[in-house]
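Novice: Shown below is the structure under consideration.
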Amino acid sequence: MKATKDTVVTVDYRLTLPDGEVVEISEPGDPLTYLHGYEDIVPGLEKALEGKAVGDRVQAIVPPEEAYGEYDPEGVEEVDRSEFPAELELEEGGTITATDEDDDEVEFLVKEIKGDRVVVDFNHPLAGKTLHFDVTIREIRPATAEELEHGHVHGEDGHEH
Ligand code: ZN
């Protein structure tokens, strides 16, 4: 069986930046499971894994446009401190999770605090970065009809509902 559209793929992975900084490593025995063909993972990695088999090791260098996108300078905004709840502790370099008007969670970085003005950055932390993936495929199985309908993996490593 190969990693193609409509299969559920389980991988051990290591994600680093070009300077060697480690972003994420899956724990031994706690691999990542995703539904192939649904951009469940970044498109560049999905493309690199396409057609691979269990036991294959894939080392992929994924540019920002096939990962979390280019860094958008317009994602940086300066707002009044008073727009945040007074009890919320703001700290330079800290990440705040808020809810937007559609009730979706948005995460942003507090880039700088200038008196009563706060500079926030809505870019994904990995925006503008080239990602180095080192992935080994552990398991591939066909997705169930229900998983395909939902567009995500069910069971132990996926959604429980
Ligand atoms: Zn579901």
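Novice: Go through (1) without any contact (Cβ under 8 Å) to a residue 60 or more places away in the chain; (2) exposed (fewer than 15 other Cβ atoms within 10 Å of the Cβ); (3) under 22 Å from Thr33 (Cα atoms) for Pro142 and report which single condition fails.
Specialist: The single condition Pro142 does not satisfy is (1).
Novice: Moving on. Among Phe133, Phe122, which is aromatic (Phe, Trp, Tyr) and either within 16 Å of the ligand (Cβ to nearest atom) or surrounded by fewer than 16 Cβ atoms within 10 Å (Cβ to Cβ) (or both)? Spell out how you get there, then give the answer.
Specialist: Details: Phe133 fails: either within 16 Å of the ligand (Cβ to nearest atom) or surrounded by fewer than 16 Cβ atoms within 10 Å (Cβ to Cβ) (or both).
From the options Phe133, Phe122, the qualifying one is Phe122.
Condition check ((1) outside the structural domain of Ile96 (by TED's automatic domain parsing); (2) out of contact with any Ser or Thr (no Cβ under 8 Å at 6 or more places or on another chain); (3) more than 13 Å from the ligand (Cβ to nearest atom); (4) within 19 Å of Val11 (Cβ to Cβ)) across all residues:
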position	(1), (2), (3), (4)
Glu107	no, no, yes, no
Gly115	no, yes, yes, no
Ile137	yes, no, yes, yes
Ile140	yes, no, yes, yes
Ala143	yes, no, no, yes
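Novice: Same structure again: How many residues are farther than 30 Å from Lys47 by Cα and either surrounded by 15 or more Cβ atoms within 10 Å (Cβ to Cβ) or of a type outside the set (Asp, Glu) (or both) when one looks only at region 64-86? Break it down stepwise before answering.
Specialist: Here is the first cut: in region 64-86, the residues farther than 30 Å from Lys47 by Cα are 76-86.
Among the residues that remain, those that are also either surrounded by 15 or more Cβ atoms within 10 Å (Cβ to Cβ) or of a type outside the set (Asp, Glu) (or both) are: 76, 79, 81-82, 84-86.
Result for region 64-86: 7.
Novice: Got at least one residue in region 38-49 being surrounded by 16 or more Cβ atoms within 10 Å (Cβ to Cβ), touching a residue at least 24 places away in the same chain (Cβ under 8 Å), under 15 Å from the mean Cα position of the chain (by Cα) and in a helix (DSSP H, G or I)?
Specialist: Here is the first cut: in region 38-49, the residues surrounded by 16 or more Cβ atoms within 10 Å (Cβ to Cβ) are 38, 40-42, 44-46, 48-49.
Still in the list and also touching a residue at least 24 places away in the same chain (Cβ under 8 Å): 38, 40, 42, 44-45, 48-49.
Next, only the ones that are under 15 Å from the mean Cα position of the chain (by Cα) stay: 38, 40, 42, 44-45.
With in a helix (DSSP H, G or I) added as a condition, the list becomes 44-45.
Looking for residues that are surrounded by 16 or more Cβ atoms within 10 Å (Cβ to Cβ), touching a residue at least 24 places away in the same chain (Cβ under 8 Å), under 15 Å from the mean Cα position of the chain (by Cα) and in a helix (DSSP H, G or I), one finds at least one in region 38-49, hence yes.
The values are calculated or read from the model by the stated rules, or taken from the named source; none is laboratory data. On a predicted model such as this, the values are computed, not experimentally measured, just so you know. We place every Cβ from the backbone using ideal geometry, glycine too, and count neighbours over all the protein chains shown.
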